[in-house]
1. List every residue whose amide H lies under 5 Å from the amide H of ASN217, counting only residues 5 or more places away in sequence or on a different chain, with H placed 1.01 Å from N in the peptide plane.
2. Could you please tell me the mean projected area of the C-alpha convex hull for the range 295-405, averaged over all directions and given in square nanometres to one decimal?
3. Using the heavy atoms of the protein chains alone and a 1.4 angstrom probe, what is the accessible area of the range 354-437 per residue in square angstrom?
4. Normalising by the residue count of the range 266-313, find the relative contact order in percent from Cα pairs under 8 Å and 6+ residues apart.
5. Counting Lys and Arg as +1 and Asp and Glu as -1, each charge on the Cβ, what is the dipole of the chain about the Cα centre in debye, to the nearest 20?
6. Indicate, rounded to the nearest 5 percent, the antiparallel portion of the DSSP beta bridges found entirely in the chain.
7. Just report the Cα centroid separation between the range 42-105 and the range 242-261, whole Å.
8. Roughly speaking, what is the stretch gain from VAL140 to SER70, that is 0.36 nm per residue apart minus the C-alpha to C-alpha distance, in nm to one decimal?
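The values are calculated or read from the model by the stated rules, or taken from the named source; none is laboratory data. Quantities reported herein were computed from a predicted structural model and do not represent experimental measurements. When we count neighbours, we look across all protein chains shown, and the Cβ atoms used for this are built from the backbone with ideal geometry, even at glycine. Remember, those area values only see protein heavy atoms, side chains included, never the ligands or the DNA or RNA. Shrake-Rupley method; radii C 1.70, N 1.55, O 1.52, S 1.80 Å.
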Amino acid sequence: MTRRAALLLAACLALAACATPVAELPDRVPPLSAALPPMKSFPVRPAEPPTRSNAQIAQDFLDLSFRMESGRPLAVMSRFEGPVRVRVTGAPPPSLGPDLAALIGRLRREAGIDIARVAADQPAEITIEVLPRARLQRAVPQAACFVAPRVSDWEEYRRARRSATVDWTTLVTRERVAIFLPGDVSPQEVRDCLHEELAQALGPLNDLYRLPDSVFNDDNFHTALTGFDMLILRLYYAPELRAGMTQAQVAQILPGLLARMNPRGEGRAGAPVAQTSRDWIEAIETALGAGTSAPRRRAAAERAVAIARARGWQDGRLAFSLFALGRLSIGERPELALAAFLQAGEIYVARPETRIHLAHVGMHLAAFALSAGQPRAALDMVNANLAAATRGQNAALLATLLLIKAEALEALGRSGEARTVRQEALGWGRYGFGSDSEVRSRTEEIAALNRARRS
């Protein structure tokens, strides 16, 4: 079955069956008794190269490099000049060392950056300080992790946080940068923070919702640096560029750099993508933000969909608006949620860069199909999206898909296969969800979809 066919089938079957909303689970589910298998992790492999035209990538580079996320312009490009040393302080979890080593290796090979880790007591251009999540979010409530210039530890940042010291717009040559991330979260969350914040410590400071293939996008579908991201960083540290260059100076040099570094992007068709409007960004931020009531968040997601359609967008921004609406409607309006997921999937399925996005949609639709008593549809949906979750190195998504698959197999009377799949899911869950209790909770929630339907 093709990915498109599986998407349509699962949605239509779930709608026809009047599925139990995924959020409506039994209050109590018996705990798992078996010991959990060892944690799984992804092998290190280079990312797939970008598929878009060099003309588009050049515009992306300029928009990423000469503007902050807030919209504030940057007069010049800033970067490190010379080797970059990275140290880790605080209380790093065991998974951080291997994940950081893998990331630094990729940055050296794929982006050509002279970067290496040093001991915690050695001088370094980049300091990664690991803190308890509660302590970090008391200071910056909306941030899972973040990066700051001209400081090297948490106390120094706290003293300087409201001063010009940590103002990126005043920076030309980067000399000291600190990354602050939580250590008491899942290994995947730690790794995701490493990828996003180290990329911003080295390179662009902006995020663009229009990018389909990048961690420089606040939709958070891509959680590990992509081929596009590595190309952007390779451009950022090209010897032809230097700290202090203006946008006009960089724009003159970019076409030649891209022709050399990404010859496959030469001559490709690609129309310019409209800028993302501030009203849409505000609607999405409200829909996804904490501290806002559920009705207000749903209304904001509906507003984001309306804005995207009014602007004539047919890309990932409309799809993401629909995805957000689907997630926020599951408990109260399941029919609307399924329709929104289906429409988002129709957009994502058309582009090779959005396979991981489609896998997230597929996970929700597979869960609906399972709770609707359609295990065959759920199984087809999961199988159609496992490869994308694996390529995207998203263990939490992969574990969830596999847990749904195990329950679908149980419902089809294939208990032996279900046990094997569930063990694999638990291994990925230990990386994606973190604590044993969280892995067990997620497993029990998925199992409850079957039980809720039977009862």
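1. Long-range HN contacts for ASN217: LEU208.
2. Approximately 6.8 nm², given one-decimal rounding.
3. I get 28 Å² per residue for the range 354-437.
4. Once divided by the residue count of the range 266-313, the mean separation gives 34 percent.
5. 340
6. 25
7. 17
8. Gain in length upon complete extension: 23.6 nm.
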